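Report on one structure; see the data block that follows.
The values are calculated or read from the model by the stated rules, or taken from the named source; none is laboratory data. What you are looking at is a predicted structure, and each value in this text was computed from that prediction instead of being measured. Ideal geometry is used to build each Cβ from the backbone, glycine not excepted, and the neighbour counts take in all protein chains shown.
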Amino acid sequence: MPPSLPADQREFQQYARAWLAENAPPPPPERLPLMSIEVSTEPLRDYLQEWQGRCYEAGLVGADLPVEYGGGGHEGFQRIANREMSLAGTPYFLNVVALGMAIPTILVHGTEEQKKRFIQPALSCEEIWCQGFSEPGAGSDLANQQTRAVKDGDHWIVNGHKVWTSLGHFAKWMILITRTSKEHKYDGLTYFLCPIEGHPGVTVRPLIKMTGEKGFNEVLFEDAKVDDSLRLDDVGKGWTVAMTTLTYERGAAEGAGGGGGDRTNPIDRLIGLARESWRGGVRASDDAVTRDAIAQRAIVHEGMMQNVRRMRVPALCDHPMRIPLQMKLTGSEYAQHNARTGLDIAGVHSTLYTLDEHAPDGGHWPLAYMDSYGHTIAAGTNEVQRNILGERVLGMPKSK
């Protein structure tokens, strides 16, 4: 945050801080997963949906967006709200696909009717969204979409198979890429806002991860009808629209809201684990190798925090997109390395999982480590992200 805020932003900051202090949510009905995309039970869905709705009514969600679409209309307010929620340690928001991908994309490419119809219910979490990009044969190669949409009067008939669809089991709407032409790989794609919940021809099936969680799904389309009014931008512009979505998903631009989440400093958490872990009658925190490993993670942590500060000062950025584009890459690998360090510190006890009462830190570290692989794959694998950085930031030749 800037050291000195304008008067209106400072007033909003004080309001947000006071509101959060007076309206702290009750404890969740069960343990919250590490990420909102892993929420799989109805009690947790209802709890998080109600919380996001309250925050929206208080003006803490969509604070920067135009008033005519359900936002607050105050530029610069959303970042303040996000920070105050993080400091307060409030639960994360459930509707992350809407806030971080669907809403920004609709704002850029949508019609006035689409903006007025979809943005407000997404901000308030009345309508949950999911993402229909990945397919069995189109993961890292996003342009290899095989889900087909064929024009039929005022409708499109959709047939195909999407996978790794986070929150698909709760979603009412999906941002969907389809192939509308076989003649062109990129120009043959079209983007839709597709109804999911209870829609004829759409089947959602859960996919169980190695963590035991069921946030992912596969979605099957069998002659599903999608009205042409739900097409986002022109026919054949799906790749362009998808790149807008991915810009936000990869963290290169800010979405419509953040939410809170676990505010625990991961380095402090590693230190606490080391102090509670014993090896041969000696605390792990007294082991020089362990201390050095934690120190190395602390150095990376501090570097990332300073990069976030640097990103806010254009004069300190040699390329305006370098740090935003690298955040997904470095953030996912940072979390994975932290989790691996936690497993090493816990030693043999890292085999104890979340339901074992003897598991160190409630089984957080094996869960975090297994979960981390999804984040190095999502939004384009980290290998793809390195190619993007090389080509768009460093100007290197395009890889083949």
Within region 10-36, take every residue that is in contact with a Phe, Trp or Tyr (Cβ under 8 Å, 6 or more places away or on another chain) and in a helix (DSSP H, G or I) and give me the one that is farthest from residue 125 (Cα to Cα). 12
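Which residue, of 154, 141, is of a type outside the set (A, V, I, L, M, F, W, C), out of contact with any Lys or Arg (no Cβ under 8 Å at 6 or more places or on another chain), surrounded by fewer than 19 Cβ atoms within 10 Å (Cβ to Cβ) and at pLDDT below 95?
On the way: 154 fails: at pLDDT below 95.
After applying the criteria, what remains is 141.
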Counted residues in region 355-397 being surrounded by 14 or more Cβ atoms within 10 Å (Cβ to Cβ) and outside any helix (DSSP H, G or I) come to 5
Give me the pairs: first residue in region 353-366 and over 16 Å from residue 33 (Cα atoms), second residue in a loop (DSSP other than H, G, I, E, B) and not basic (Lys, Arg), beta-carbon distance under 9 Å, and six or more apart or on different chains, which are they? 358/352; 359/352; 359/353; 360/277; 360/352
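Listed residues 76, 89, 53; which is within 30 Å of residue 231 (Cβ to Cβ), surrounded by 13 or more Cβ atoms within 10 Å (Cβ to Cβ) and not assigned by TED's automatic domain parsing to the domain that holds residue 367? Walk me through it before giving the result.
Details: 76 fails: within 30 Å of residue 231 (Cβ to Cβ); 89 fails: within 30 Å of residue 231 (Cβ to Cβ).
Matching residue, one of 76, 89, 53: 53.
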Could you look through region 341-354, keep only residues that are β-branched (Val, Ile, Thr) and surrounded by fewer than 17 Cβ atoms within 10 Å (Cβ to Cβ), and pick out the one that is farthest from the chain's Cα centre (by Cα)? 348
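Just one of 304, 327 is in a helix (DSSP H, G or I) and at pLDDT 85 or above; which is it? Walk me through how you get there before you give the answer.
On the way: 327 fails: at pLDDT 85 or above.
Just one listed residue meets the conditions, 304.
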